[in-house]
């Protein structure tokens, strides 16, 4: 019987290739990600208590703003984003046709509230760092950094895959739609933001300055 070949432990081997090879474009560095915040990603983004910074890591993460590119563009079987918000702030009441999950990344509490109808809240829960909440399709929901917390908080989001600007997404509470319209922000039936006011750029800079692109 021939001797079996002796295999070297791959962990001990030195790479023979240059660059990243097949992994090119598949690493998102947090230091680079925080330099690409999206202050006005949705029509609710300019509203009081809903201003925040969104970050697209993989996929479109439900954006209504077409002027962005995710850090990793290769299609995946899921989509990933991150949110940075101040206490009392977060996404307004809305829903999706797909599942989305969230995990707080910092020592802050997040309040999630939900209900079966576009203008009705029936339940709420508070989650903390490393907790996970999974929100089913069609359930109306909103969430925010809990009042009384100190400083901006980070939230990690994982969404089921979906086509960008193929249908209305998110679906907003009528209250949110009207409030956004009064501010000059409108999205069409494909889920794309088609109207913004003349002072949108100034508001973007104000949100960036206040919330910041730091860790």
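The values are calculated or read from the model by the stated rules, or taken from the named source; none is laboratory data. Nothing here was measured: the structure is a model prediction, and the numbers come from that model. Cβ sites come from the backbone with ideal geometry, for glycine too, and all protein chains shown count toward neighbours.
Structure notes:
Every residue, every condition in (1) within 13 Å of the chain's Cα centre (by Cα); (2) over 30 Å from residue 75 (Cα atoms); (3) at pLDDT below 90, yes or no:
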site	(1), (2), (3)
137	no, no, no
143	yes, no, no
151	no, yes, yes
154	yes, no, no
160	yes, no, no
163	no, no, yes
172	no, no, no
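- Residue within the range 21-42 that is touching a residue at least 12 places away in the same chain (Cβ under 8 Å), crowded, with 20+ Cβ neighbours inside 10 Å and over 13 Å from the mean Cα position of the chain (by Cα) present: no
- Any chance residue 97 is closer than 19 Å to residue 64 by Cβ, out of contact with any strand residue (DSSP E or B) (no Cβ under 7 Å at 6 or more places or on another chain) and part of a loop (DSSP other than H, G, I, E, B): yes
- Within the range 100-109, the presence of a residue that is assigned to a strand (DSSP E or B), closer than 22 Å to residue 175 by Cα, at pLDDT 95 or above and touching a strand residue (DSSP E or B) at 6+ places or on another chain (Cβ under 9 Å) is excluded.
- Failed item, numbered, when residue 3 is tested on (1) closer than 30 Å to residue 209 by Cα; (2) in a loop (DSSP other than H, G, I, E, B): (1)
- Selected residue [over 26 Å from residue 58 (Cα atoms) and surrounded by fewer than 21 Cβ atoms within 10 Å (Cβ to Cβ)] from 116, 75, 136: 116
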